[in-house]
1. Is it the case, given these coordinates, that residue A:71 is in contact (Cβ under 8 Å) with a residue 24 or more places away in the chain and not in a helix (DSSP H, G or I)?
2. Would a scan of the range A:52-65 turn up a residue that is at pLDDT below 85, in a helix (DSSP H, G or I) and either over 12 Å from the mean Cα position of the chain (by Cα) or under 25 Å from residue A:104 (Cα atoms) (or both)?
3. Give me a count of the residues in the range A:152-176 that are surrounded by 15 or more Cβ atoms within 10 Å (Cβ to Cβ) and either over 21 Å from residue A:47 (Cβ atoms) or small (Gly, Ala, Ser) (or both).
4. Here are the criteria: (1) surrounded by fewer than 21 Cβ atoms within 10 Å (Cβ to Cβ); (2) of a type in the set (S, T, N, Q); (3) at pLDDT below 90. Tell me which single one residue B:111 does not satisfy.
5. Please count how many residues of the range B:154-170 are surrounded by 11 or more Cβ atoms within 10 Å (Cβ to Cβ) and more than 10 Å from every other protein chain (Cβ to nearest Cβ).
6. In this structure, is residue A:93 within 13 Å of chain B (Cβ to nearest Cβ) and exposed (fewer than 13 other Cβ atoms within 10 Å of the Cβ)?
7. Suppose we filter B:77, B:115, B:91 for residues that are farther than 18 Å from residue A:80 by Cα, of a type in the set (Val, Ile, Thr) and assigned to a helix (DSSP H, G or I); which single one remains?
Amino acid sequence: MKTKLTLSKEYIKGLWENNPVFKQVLGMCPALAVTVSALNGIAMALATTFVLVFSSLIISTFRKLIPSQVRIAAYILIIATFVTLVDLIMKAQFPSLSKELGPYIPLIVVNCLILGRQEAFSSKNTVFRSVVDALGMGTGFLIALFVLGGIREILGSRTILGLQVLPDFYEPWLIMILPAGAFLTLGFLMGFLNTYTERKKRLEREAILKKHIKPISDTPINTVEA
Amino acid sequence: MELILIFFSAAIVNNFVLAYFLGICPFIGVSGKISSAFSMGLATTFVMVITSIVTWLIYHLILVPNGLEFLQYVSFILVIASLVQFVEMFIKKVSQPLYRALGIFLPLITTNCAILGLALFIVLKEYTFIQGIVYGVGAGAGFTLAITIMAGIREELDLADVPKPFKGAPITLLVAGILALAFMGFAGLISV
């Protein structure tokens with residue numbers, strides 16, 4: 001098993017290093033479906049975080065009582081309970097938002113991100129750690145959805161969070177708010193993020209190599225390639 | 001006639017994967033080879049059809065008469081989880097190679113949003129029993145179609161020179177975007 005991380009690291013790893021959408025490719029359905037605008041993305045991410053945190057809390061509390069054969073069913077039931085709660089609250093408090101997100105709120109039940117965290121983390125760690133981890137993952141999800149929704153909203157309808165940011169002569173790209181735009185935006189975003197991280201990794205590797213390996217001689221080491 | 005419309009609407013115009021973003025996980029995960037993608041599609045279709053039957057019955061015969069509609073998510077997901085378990089046992093018994101090829105993604109049908117999404121859409125659109133079944137078949141056919149096309153493209157893509165950072169999920173998403181664009185061409189065909 002890995003060495004234990006400090007609590008703050010446990011939180012931060014969800015933001016970038018293990019970002020649920022960009023790095024783990026989990027929770028794609030809501031990430032693609034509701035990010036027509038930044039606001040929808042935020043609402044979705046907050047609802048997901050709520051469910052994630054509370055189900056982590058409950059599951060890590062009862063982790064020693066749940067028999068491992070029926071754990072998946074138990075997890076899903078707990079998650080579904082909280083999703084019902086969120087759905088009812090949203091319907092009562094934010095009816096318009098709830099209507100816009102439509103069936104994607106109940107679909108939080110089957111968000112792989114939530115079940116994945118329970119299986120990989122909450123079932124093995126203490127209550128406090130699990131909640132911190134859930135908060136981190138939720139924030140990472142929020143960042144991803146906000147970025148995705150922001151880009152699509154700016155390019156697709158000239159606005160962000162309802163405020164116009166691009167001038168009127170800019171013709172909105174209708175494609176961005178259509179399903180195809182979601183796939184293309186996320187695909188390019190992930191590709192560029194990979195480019196960035198790989199470049200960073202390569203530079204780091206080269207820096208380490210330079211520090212430790214002195215150029216010995218001009219003769220190449222691998223001359224055995226007959 | 002109306003049933004035919006529902007079928008094509010679910011399968012092509014409002015394709016579950018490319019228009020509603022349901023079932024993205026297996027769409028990206030299992031679309032490496034045509035054969036396994038096709039069997040994944042068939043397994044999903046099978047679960048979808050049974051789900052549409054069972055959840056319709058549960059919703060209209062048990063939940064609505066007792067005023068328990070708020071229990072729909074919990075009961076739907078339970079039904080789906082046990083159905084998937086059943087299909088898994090069945091495939092394991094019938095075809096070992098297929099069972100191994102589908103691997104982890106078989107139990108993941110449970111958390112395939114397409115299945116629960118189907119059950120929710122049937123409730124939302126207030127379909128009758130028969131309409132619900134047809135919708136389920138259509139959605140399954142659409143899923144199979146999308147994932148098989150995707151697998152076909154990805155088999156060719158293996159030979160292409162994709163930039164390294166774009167390998168895997170990113171290029172799959174881009175291809176899916178282009179596929180979604182193509183499917184948009186059907187948009188005016190049927191309006192249901």
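1. no
2. No: the range A:52-65 contains no residue that is at pLDDT below 85, in a helix (DSSP H, G or I) and either over 12 Å from the mean Cα position of the chain (by Cα) or under 25 Å from residue A:104 (Cα atoms) (or both).
3. Of the residues in the range A:152-176, 10 are surrounded by 15 or more Cβ atoms within 10 Å (Cβ to Cβ) and either over 21 Å from residue A:47 (Cβ atoms) or small (Gly, Ala, Ser) (or both).
4. Going through the list (1) surrounded by fewer than 21 Cβ atoms within 10 Å (Cβ to Cβ); (2) of a type in the set (S, T, N, Q); (3) at pLDDT below 90, residue B:111 breaks only (1).
5. Residues flagged as surrounded by 11 or more Cβ atoms within 10 Å (Cβ to Cβ) and more than 10 Å from every other protein chain (Cβ to nearest Cβ) within the range B:154-170 amount to 3.
6. Considered against the rule, which asks whether it is within 13 Å of chain B (Cβ to nearest Cβ) and exposed (fewer than 13 other Cβ atoms within 10 Å of the Cβ), residue A:93 comes out as no.
7. B:91
Okay, residues lined up against (1) part of a loop (DSSP other than H, G, I, E, B); (2) within 14 Å of another protein chain (Cβ to nearest Cβ):
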position	(1), (2)
A:103	no, yes
A:116	no, yes
A:138	no, no
A:143	no, no
A:150	no, no
A:154	no, no
A:167	yes, no
A:170	yes, no
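The values are calculated or read from the model by the stated rules, or taken from the named source; none is laboratory data. What you are looking at is a predicted structure, and each value in this text was computed from that prediction instead of being measured. Virtual Cβ from ideal backbone geometry, glycine too; neighbours counted across all protein chains shown.
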